[in-house]
Structures are given as C-alpha cells and as structure tokens.
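Input: a single structure, listed below in structure tokens.
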C-alpha cells in the first residue's frame with residue numbers, strides 16, 4: 001500500500017482480555033518494527049522483523065506479548081491477559097532503506113480498563 | 001547504558017529560528033534521526049546524519065558531532081504548523097536498524 005496501515009486505530013479492552021493489533025507495511029519493505037509510546041515516554045522498541053523472522057525481540061516486556069509476521073507482509077502483535085500498564089499507543093513502522101528512516105503507521109491507541 | 005537527552009519543551013515566535021539539541025550516550029552508533037510528531041499523529045521522518053557535519057533540507061537542518069555525542073535540529077522561518085514534538089533517535093547497530101528514541105521536545109510556535 002501507499003503507507004503503513006494499522007488497525008484498529010483505537011481499542012478499549014477490559015483487564016485480563018487478549019488483544020490483537022495489526023500492521024500492514026508498505027509493499028516491498030522487508031523490515032518491520034513495533035514500538036510502544038506511553039504518555040510522557042519516548043518510543044520504546046518492542047520487536048523487529050526481517051522478512052518473517054524476528055532477529056530481535058529484546059523489547060517485548062513480558063511473555064504476555066508476542067508477534068508474528070506472515071508472507072513477509074502483515075504483522076500481528078498479540079497481548080494476552082492485558083494489564084492497565086499496557087495502555088499506550090502501539091506504533092508499527094517499516095523500512096526499505098536505512099538512509100531514509102522508518103515510515104510509521106498512525107498507531108493503535110490501546111486503553112485497558 | 002543507553003541514554004538520549006533532549007529538552008522537554010521549547011517556545012519560539014513565528015518567523016524566528018529555533019535550535020533543538022540532543023545529546024546521546026549509546027553502546028554503538030550507526031546514525032542519528034530526527035522525526036516530527038504532531039499531537040495524535042504518527043512520527044514523520046525529517047533528517048538523517050551518520051557523518052559529522054550539517055545536513056540541510058529546506059527550512060530544516062540537522063547537525064552531528066559524533067565525538068561529542070551531540071546533534072541539533074535547526075528550524076528556520078518558523079511557521080505555526082511547526083508546533084509539534086521533535087524526536088531524536090539513534091540507531092545503535094547496523095544489523096537490526098533498531099532505534100533508541102529520546103522523549104521528544106515539544107515545540108510551541110507563537111504568533
């Protein structure tokens with residue numbers, strides 16, 4: 001597609017429920033990243049995909065968080081048994097060439113109540 | 001550890017020039033990026049420096065000194081639409097292209 005697409009744009013969920021966040025990167029971008037932005041905090045790296053594999057998942061905060069990417073394209077970030085501290089904006093970005101930086105999606109605002 | 005520092009907030013007047021500083025201490029360095037983020041929107045790429053010196057793109061310029069762990073973003077002829085957060089990010093390895101982000105500088109442009 002023309003840009004990085006994320007869905008849903010907003011998600012309100014009850015504590016303890018599972019949620020799935022979707023990212024559709026720019027066509028042809030082999031690198032895909034998930035970041036989290038909490039209020040007053042910098043963007044926090046979660047996981048990096050190159051193709052379908054995740055050579056760096058060092059930022060996933062706990063085993064409740066997992067992500068996959070299929071067909072070298074769409075990625076899904078899953079948070080199980082959500083907690084209130086998971087409330088944040090989850091941003092996906094893709095990259096073709098490191099000289100031009102990432103292209104970010106508009107994010108999913110997750111609120112856990 | 002990894003640390004990136006930027007001022008939290010700055011205010012400037014329309015038409016003026018503003019310089020946003022960023023200092024970093026990271027375990028490796030493979031490029032410094034500046035992003036602009038309007039409230040409620042995704043960050044958008046502004047500039048990239050990997051070698052020392054000044055990169056100019058229209059009203060925006062970015063400077064890097066690797067020996068000092070220092071960068072700045074210079075915005076000229078400020079416009080109201082430049083009111084946004086400006087994020088400094090360092091890429092620490094060439095393999096994963098992972099960035100470490102600062103907390104951002106919120107710039108307010110006043111008429």
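The values are calculated or read from the model by the stated rules, or taken from the named source; none is laboratory data. Given the structure is predicted, the values throughout are model-derived calculations rather than measurements. Because the Cβ atoms are built from the backbone with ideal geometry, glycine has one as well, and the counts that use them run over all protein chains shown.
Of note:
- The set of residues in the stretch B:94-111 being under 19 Å from residue B:25 (Cα atoms), touching a strand residue (DSSP E or B) at 6+ places or on another chain (Cβ under 9 Å) and in contact (Cβ under 8 Å) with a residue 12 or more places away in the chain consists of B:99, B:100, B:101, B:102, B:103, B:104, B:105.
- Test: residue in the stretch A:77-95 that is in contact (Cβ under 8 Å) with a residue 40 or more places away in the chain, within 21 Å of residue B:91 (Cβ to Cβ) and either in a loop (DSSP other than H, G, I, E, B) or more than 10 Å from chain B (Cβ to nearest Cβ) (or both): yes
- For the stretch A:45-62, the candidate set comprises residues that are over 14 Å from the mean Cα position of the chain (by Cα) and over 16 Å from residue A:74 (Cα atoms); within that set, the residue that is nearest to the other protein chains (Cβ to nearest Cβ) is A:55.
- Among residues that are in contact with a strand residue (DSSP E or B) (Cβ under 7 Å, 6 or more places away or on another chain), in a loop (DSSP other than H, G, I, E, B) and more than 13 Å from chain B (Cβ to nearest Cβ), residue A:11 is not included.
- Residue within the stretch A:14-26 that is modelled with pLDDT of 95 or more, loosely packed, with under 13 Cβ neighbours inside 10 Å, in contact with a helix residue (DSSP H, G or I) (Cβ under 7 Å, 6 or more places away or on another chain) and not in a strand (DSSP E or B) present: yes
- Residue within the stretch A:53-72 that is surrounded by 14 or more Cβ atoms within 10 Å (Cβ to Cβ), at negative phi, touching a residue at least 40 places away in the same chain (Cβ under 8 Å) and part of a loop (DSSP other than H, G, I, E, B) present: no
- Out of B:97, B:86, B:48, sole residue that is buried (at least 19 other Cβ atoms within 10 Å of the Cβ), under 22 Å from residue A:102 (Cα atoms), at pLDDT 95 or above and within 14 Å of chain A (Cβ to nearest Cβ): B:86
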